[in-house]
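Each remark here refers to the structure printed beneath this line.
Just so it is clear, none of the values below were taken in a lab; they were calculated from the coordinates. Everything numeric in this text was worked out from a predicted model, so none of it was measured. Backbone-built Cβ (ideal geometry, glycine too); neighbour counts: all protein chains shown.
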Amino acid sequence: MSEMKSQDQSIELVDVNGRRIDGRSLDELRPIKIEVGVLDKADGSSYIEQGKNKILAAVYGPREAHPKHVALPHRAVLRCRYHMAPFSTSERKSPAPSRREQELSKVIREALEPAVLSEYYPRTTIDLFIEVLQSDGGSRCAGITSASLALADAGIPMRGLVTACAVGKIAGKVALDLSDTEDKQGEADLPVAIMPQSNVITLIQMDGTLNPEEFEAAFDMAVRACQGIHEQQKIALKQRYLSIKEEVEEKKETEVEKEE
Amino acid sequence: MTLYVEKKQLVAPGEILAKGKYVSGENVHREDDRLFSSKVGVVEIDGDRLGVVPLKGCYVPHVDDTVVGRISDIGMSGWMVDIDAPYPALLPGSEVFGQRTPRSRMDLSKTFDVGDLVVSKILAYDRTRDPLITAKGPGLGRVTSGRVVKVSPAKIPRLIGKKGSMIGILKKETGTHIMVGQNGTVLVSGKSPERENIAIQAIRMIEREAHTQGLTDRIQVMLRDKTSDE
Amino acid sequence: MSATPQIPPVARIGQKTIVDMLALGKRTDDRGLHEFRQIRLEIGVVEKACGSALINLGKTKVLVGVKVEQGEPFPDTPDEGVLTVNAELVPLASPSFEPGPPNENAIELARVVDRGIRESKAIDLKSLCIQTGKKVFVVFVDVYVLDHDGNLIDASSAASLAALLSAKMNDYDVKDGELVLKSELKRLPIQNQPVAVTLAKIDNTLVLDPSLEEEQVMSTRLTVTSDGEGRICAMQKGGSGSFAVEEVKLGVRLALSKASEIRSKIAEAVAI
């Protein structure tokens, strides 16, 4: 969300047929593409594209705590840095961490803490880096979805994955997964993160105006959308291993055929 | 008692494995009467014990493990060793020289210097302290030759195989000497670089296909092919 | 980089007392689960500020000062005044606050208070435009935490509203593109009253207005800011725990009903 809201109301966010400016219906997600294990040096990593968002998440750890005094005696410390690349937004953004990035680093960390079984690695740190390479609304949610896969990819024990999605209000109607333009000109934005394993909410924020009924409708819509994205997360996580399995099976078949 | 998965099934963290009086094995966590996987891995069922064999994960020290570590620092009476675990290992001087007169830092560095690789054994480890290792014993000590191959620690059991069956095949077919550190560092030395390369290729293949079936046979075939090419 | 916070230096037995009492529906300071601590609001405590308010929420003390100055508008809102909220966790307020630039807690506090004011359009920013694209009034809301005994968000939000409602700024005429200040002062154009209400989850109990010792035991908190018409204008979950879906919905209902009580207290204090 931006602190500088544009007052240009000339763009119609929802047309008479209920279509949004990118052709989507009110309850439609932008296309999502997820890849796991994309970086070589990081212990775990994941890349997500959601609409025009392009976000990379990487995990190092559990590793020795440096400096030692940040460590906790009975569990790992989770450290999280959400950062936007200077070229990620329409207008260049200064590389120095903004107040927004600092707040988001905190809420994203708090969204993932409930999922990590940190008691397994006392006196260590698990470092999580989220880099937004291109931003188009909903980057903290896509970042969380990707970060939880990076944690799983690193082999860190988890209660379950965390999935996130935002719902907003545009042209007076509740709508799923707002793009940047829709967020800037819309009337509300509600990012939600859920851990589907036990159906608990690990992140919820809101800015804008929603009456209690609109809130319930938006909240329910976000939770449902997250369940769908969760299925995609699991597939992406297993994809690499399943492809190798298939490859091996195909080789076996061609060899059997050769022999015949 | 309901089982939701089958043996060798690939599962993700948070996926439900079973409900009821099952025993939680490795990488399984229980909430009330339900068992969930905590990692990406392959389901293992042994009677009423459910576990998940992880496909990735850092090395967690166990007493008696043989590990290959790198000297990272020299202290007053011993060395700090990086064993690729979340905790640095301590190698006291007494575990190399025996209980004799205290050594100076210079003496210590003459034996093992920063950057040296050392094969050692885990003597002690618990959650409140860093692991303690020893370099006294047969096969332990400074590494002077061989190629270093880093393997994901989660794949080491597959590399060794049941009762050493897999690693035995590698050694036999390539004629190389292979020292497998439980912490994922493997040392390969053979009569020729070509032989070493073949062994390393096999190691990489095992690492990549650890979760599939029939791997032992495929490795055997691959090694026979490659060594006969020479 | 945000890191899991250090453990607060409190004895576990004290924490156990809180949890055990809550299981019986009681809090250590005798309050009801949904009861706020006593609120005392004093306005006009810093005469050099355009507006100010000192709140005592139980033992938590927060002083908010409002200053209105001339400045430039943001390029994409050339005909609107500017609102900027900053918060300081002043080192004298708590043994755990250290001097230095605002840390993530101070930033979160400022941004949540800001959201409440901004999204409810509490300040009519359009009427703070002096010359489109060139000159506007900038409203600075500075939250100064003086004594931390829990629930800084609600205390800061209430004091900020009181300071804004009681603030006075220069009235002026525009003659030949120049600002001519009049002798009288006028109130700020405040058109809504956002109030934040925070709940804490301790084990499975939800309590409103957590004290510091309750915050040290809680697993999570949820802040819901609502406006004078009962609409939600900001929400923020904080802490390393989580909420069940039903707990979020219940929390929103509790917060909305409590907000009107607090709004009346603020209105009382400002009317004096």
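Some values worked out for this structure:
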item: Rg to Rh quotient for the protein assembly as shown, alpha carbon positions, Kirkwood Rh; result: 1.04
item: D (Stokes-Einstein, µm²/s), Kirkwood Cα radius, the range B:75-208, 1.306 mPa s at 10 °C; result: 98
item: Nonlocal amide H pairs with C:THR205, under 5 Å, H built at 1.01 Å; result: none
item: Tail fraction, Cα-Cα pairs, the range C:26-271, threshold 34 Å, whole percent; result: 18
item: Relative contact order computed over chain C (Cα-Cα under 8 Å; 6+ residues apart), in percent; result: 20
item: Gain in span if fully extended, B:ASP32 to B:ASP217, counting 0.36 nm per residue against the direct Cα distance; result: 62.4 nm
item: Neighbouring partner chain Cβ atoms per residue of B:183-194, average, 10 Å criterion; result: 0
item: For the range C:26-271, with +1 on Lys and Arg beta carbons and -1 on Asp and Glu, the positive-most of C:ALA110, C:VAL68, C:ILE266 along the dipole; result: C:ILE266
item: Note, ³J(HN,Hα) from phi for the range B:130-138, Karplus 6.51, -1.76, 1.60, rounded to Hz, x at Gly and Pro; result: 5, x, 10, 10, 10, 10, 8, x, x
item: Partners for B:LYS21 among lysines (Cα-Cα distance below 27 Å; same-chain residues under 8 apart left out); result: A:LYS234, B:LYS7, B:LYS8, B:LYS39
item: Proportion of all alpha-carbon pairs of the range A:180-260 beyond 22 Å (%); result: 51
item: Using θ = phi - 60° and Karplus 6.51 cos²θ - 1.76 cosθ + 1.60, couplings along the range C:241-256 (whole Hz; Gly, Pro as x); result: x, 8, 10, 6, 3, 5, 5, 4, 5, 5, x, 4, 4, 4, 5, 4
item: Pairs beyond 30 Å (Cα-Cα), from A:LYS169/C:LYS258; C:LYS134/C:LYS186; A:LYS33/C:LYS201; C:LYS168/C:LYS249; A:LYS33/B:LYS155; C:LYS16/C:LYS258; result: A:LYS33/C:LYS201; C:LYS168/C:LYS249
item: Shielding by other protein chains, A:208-219, mean Cβ within 10 Å; result: 5
item: FRET efficiency for A:ASP15 and B:ASP107, using Cβ-Cβ distance with R0 set to 60 Å, rounded to 0.05; result: 0.15
item: Cut-off under 5 Å, modelled amide H: who pairs with A:ALA175 long-range; result: A:GLY168, A:LYS169, A:ILE170
item: √(5λ) per eigenvalue of the Cα gyration tensor, the range C:158-197, largest first, Å; result: 29, 10, 6
item: Intensity falloff of the range C:5-80 expressed as log10 I(q)/I(0), Debye formula with alpha-carbon point scatterers, at q = 0.11, 0.13, 0.17, 0.18 Å⁻¹; result: -0.60, -0.72, -0.85, -0.89
item: When the range B:2-54 is reduced to its Cα atoms, the Kirkwood hydrodynamic radius in Å; result: 10.3
item: 17 Å reach of a label modelled at B:HIS177, 7 Å along Cα-to-Cβ, counting backbone N of the range B:192-210; result: B:192-197, B:199-200
item: Order of A:THR124, A:THR181 under a 10 Å beta carbon neighbour criterion, fewest first; result: A:THR181, A:THR124
item: Kirkwood Rh, Cα atoms: Rg over Rh of the range A:120-188; result: 1.13
item: Shape box of chain B [Cα atoms, principal axes, largest first, Å]; result: 62, 52, 22
item: Dipole of the protein assembly as shown, positive end: most advanced residue of B:VAL186, C:ALA234, C:LEU89 [Cβ charges, Cα centre]; result: B:VAL186
item: Cα-only radius of gyration and Dmax that characterise the range B:66-142, units Å; result: 11.4, 32
item: Largest-first ellipsoid semi-axes for the range B:147-229, taking √(5λ) over the Cα gyration tensor eigenvalues, angstrom; result: 18, 16, 10
item: Simple spin-label estimate for A:VAL38 and B:VAL148 in nanometres, 7 Å along Cα-Cβ; result: 3.0
item: Top positive-direction residue, dipole computed over chain B with Cβ charges, set B:HIS211, B:HIS177, B:ALA124; result: B:HIS177
item: Average partner coverage of A:117-126, which counts Cβ from other chains inside 10 Å; result: 4
item: Alpha-carbon Rg/Rh ratio, for the range C:163-230, with Rh computed the Kirkwood way; result: 1.33
item: Equivalent-ellipsoid semi-axes of the range A:32-259, from the Cα gyration tensor, Å, largest first; result: 31, 24, 18
